[in-house]
């Protein structure tokens, strides 16, 4: 019996696991019409277009990276230039999706 147990366990453990794949459409999240600062914009250009940030974080690291947080997005600067702009995640309630609880 033990001679059959080892081959059976080996075959059973080699069977690939099955998992459900959940796809989340990241590109469809948030407001499509929201304009973000572009890579290469200066701090002065961001100030002109979007006003003062809600919070400005001090420079960190080398080269110095600074972050400005606005209500709906954050802007990352290297020195005086934008290197990235990131929209904040906005939670959607069931009522906003059109689903009645």
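Quick notes on this structure:
- A protection proxy built from the mean count of other Cβ atoms within 10 Å ranks the segments 53-66, 72-85, 33-46, most packed first, as 72-85, 33-46, 53-66.
- Net length available on complete extension from residue 45 to residue 80 is 11.6 nm, with 0.36 nm assigned per residue and the Cα-Cα distance removed.
Coordinate-derived values only; no laboratory data. The structure presented is a predicted model; accordingly, all values stated were derived computationally and were not measured. Using ideal geometry, Cβ is built from the backbone for each residue, glycine included, and neighbour counts are taken over all protein chains shown.
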